[in-house]
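Each reported figure results from applying straightforward, stated rules to the coordinates on display, with no laboratory input. Predicted, not measured: the structure shown is a model, and the values here were computed from it. Using ideal geometry, Cβ is built from the backbone for each residue, glycine included, and neighbour counts are taken over all protein chains shown.
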Amino acid sequence: MQIARTEEQQELANIVTSLLTKRSDSDAVRRAMASEVGYDEELWQALCEQVGVAALCIPEEYDGFGSSLVETGVALEALGVNLAPAPLLTSAAAAAALILYADEDAKSDLLPQIAAGQTATIFINDDANSPQLVLEGQASILLRVVGDQLNLVTDAQVDAVEALDQTLRFARISGGSNNPIGSGVDIEVLASDHRRLGDHLASGWRTTGAGDDGRLRKGQGAIRPLDRLLPSSQAPHGRHVGAGRVVSICLLGRLPCRCGIPDGSHREQPR
């Protein structure tokens with residue numbers, strides 16, 4: 001999703017791109033995807049400490065930069081162009097939910113952690129005992145929405161799930177304790193924030209593809225976003241997975257299906 005950028009936003013994009021150019025070439029991306037966590041932890045730390053990507057949308061009173069999801073989107077586009085696996089999308093979505101709906105104690109506790117680079121994710125599941133496929137499900141901070149209540153999840157069972165697209169990291173989450181930290185959650189507002197963040201990341205992916213040797217290239221891709229964290233009932237494509245939200249990206253062409261559904265059964269046919 002290309003937007004007219006301010007001078008400051010373009011400078012942010014240039015800084016992120018410069019760091020990724022130095023530390024996230026195609027070989028580094030492949031090594032990161034093959035690692036235990038699925039992304040380059042040192043690169044993520046550098047992005048958080050040197051650039052502050054995780055702190056962009058967090059208010060200054062919680063150790064953030066006091067910018068907005070627009071600036072987070074600028075960083076996501078740069079990550080997408082480089083196909084750099086990083087947990088920024090879900091951390092930003094979780095931060096947005098905390099800002100909107102969490103009580104003051106939870107904000108004061110959790111937002112500084114996210115700003116410093118602690119990974120976070122948010123998902124919707126009314127039945128804690130029903131396994132839920134969650135993007136970045138192995139994150140340090142797990143937020144579960146039940147009805148209109150926002151909960152911090154502790155002691156959950158988390159089982160990694162291998163995705164066809166190894167730049168996306170999924171886990172099945174079940175059980176655990178729901179610790180209420182906020183209420184009045186508006187699912188449509190959350191879906192809108194998720195959709196915008198997913199659009200930015202997909203915009204970067206659209207400019208990236210693969211050459212004949214399978215190495216990642218720029219400017220050759222044909223990537224289309226599918227449900228992008230929309231409610232499954234609103235997703236134009238994709239497949240229902242539990243009651244949660246899932247980023248499903250299908251890369252048509254020379255790379256495998258960019259999706260989080262392990263069997264890839266919802267692959268979109270070329271138009």
> Going by how many other Cβ atoms sit within 10 Å of their own, how do CYS57, CYS48 line up, fewest first?
Replying inline: CYS48, CYS57
> Taking the Cα-to-Cβ direction at ASN179 and at THR21 and moving 7 Å from each Cα, how far apart do the two end points lie in nm?
Replying inline: 4.4 nm
> How large is ³J(HN,Hα), in whole Hz, for each residue of segment 26-42 in order, when computed from phi with the Karplus curve 6.51 cos²θ - 1.76 cosθ + 1.60 and θ = phi - 60°, using x for Gly and Pro?
Replying inline: 4, 5, 5, 4, 5, 5, 5, 5, 7, 6, 4, 8, x, 8, 7, 5, 5
> Over all directions, what mean area does the Cα convex hull of segment 129-168 project, stated in square nanometres?
Replying inline: 3.5 nm²
